[in-house]
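**Q** First the structure, which I've put down as structure tokens, then a few questions once you've had a look.
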Amino acid sequence: NYVDINYTLEELEQFRDEDGFINLDLLGIDFIQSDAREKMGTIEKDKYWAKLKDGTKLLLKSEDLFDGKETASPYAELICEELAKQVGVECAHCDLIKFNGKKGVFSKSILKEGEQLFSLNSILKIQSDPNDMFSDVTNLVDVIRSLPEFLKNEDQQKDNSYQVVY
């Protein structure tokens, strides 16, 4: 499910503030009352899916808080995007936003038709706890070990594992 935003990315520029954030709170959208909350959101971090009027899909994420204090987490995603572009790695476009009264970042979906995301928690069969801001921290070895059973449960063939992971 998505929150509908009746603007394009270009049109959202008119809501950019002096600090460089696109202020989605000015749009009058009640994200909290929507059913677009991302399952991997936590009490510490809001996550919502939004769809722009041109069909572009965005994941809106509030910044990570540490002991209730702001961090530079929205900037980390912008830095990673820039580094990926410099070495030729396909990545999601990100930008700074404000929503629900918090600073954050959006990530433009790069999924192609028929593709979907799986959380590492679902691969590892970890129940996500919205009270735990670190519930999706995982170990790569555990992921690799859990992948064959996950693929079987998702009705995927073993030889499709590269496409699933990629």
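Any read-out appearing in this document is the output of simple, stated calculations on the displayed coordinates, not a laboratory observation. Only a predicted model underlies this, so the values are computations on that prediction, with no experimental measurement involved. Positions of Cβ are backbone-derived with ideal geometry, glycine not excepted, and every protein chain shown enters the neighbour counts.
**Q** Quick one: which of 46-54, 98-106, 27-35 comes out on top by average Cβ neighbours within 10 Å, and what's the full order, highest first? Provide the component values of the computation, followed by the final result.
**A** On the way: 46-54: 17.8, 98-106: 19.8, 27-35: 12.1.
The peptides rank, most packed first, as 98-106, 46-54, 27-35.
**Q** Students often forget the sequence filter, so: which lysines lie under 23 Å Cα-Cα from Lys152 once same-chain residues fewer than 8 apart are removed?
**A** Lys39, Lys112, Lys125
**Q** If you don't mind, there's one more thing I want to ask. Which whole-number percent of Cα pairs in segment 15-98 have a distance greater than 18 Å? Could the numbers behind the result be given before it?
**A** Details: 1805 of 3486 pairs.
When all Cα pairs of segment 15-98 are counted, 52 percent exceed 18 Å.
**Q** Run the quick spin-label model on Thr56 and Lys112: label points 7 Å from Cα toward the beta carbon, then report their separation in nm to one decimal.
**A** 2.1 nm
**Q** Search the structure for amide H atoms under 5 Å from the amide H of Lys103, placed 1.01 Å from N in the peptide plane, and list their residues when 5 or more places away or on another chain.
**A** HN-HN under 5 Å from Lys103: Glu63.
**Q** Along the principal axes of its C-alpha atoms, what lengths does segment 56-119 span, in descending order and rounded to whole Å?
**A** Taking the Cα atoms of segment 56-119, the three principal extents are 37, 27, 21 Å.
**Q** Per-residue HN-Hα couplings for segment 54-60, Karplus 6.51 cos²θ - 1.76 cosθ + 1.60 at θ = phi - 60°, whole Hz, x for Gly and Pro?
**A** My calculation for segment 54-60 gives 8, x, 4, 9, 10, 9, 9 Hz in order.
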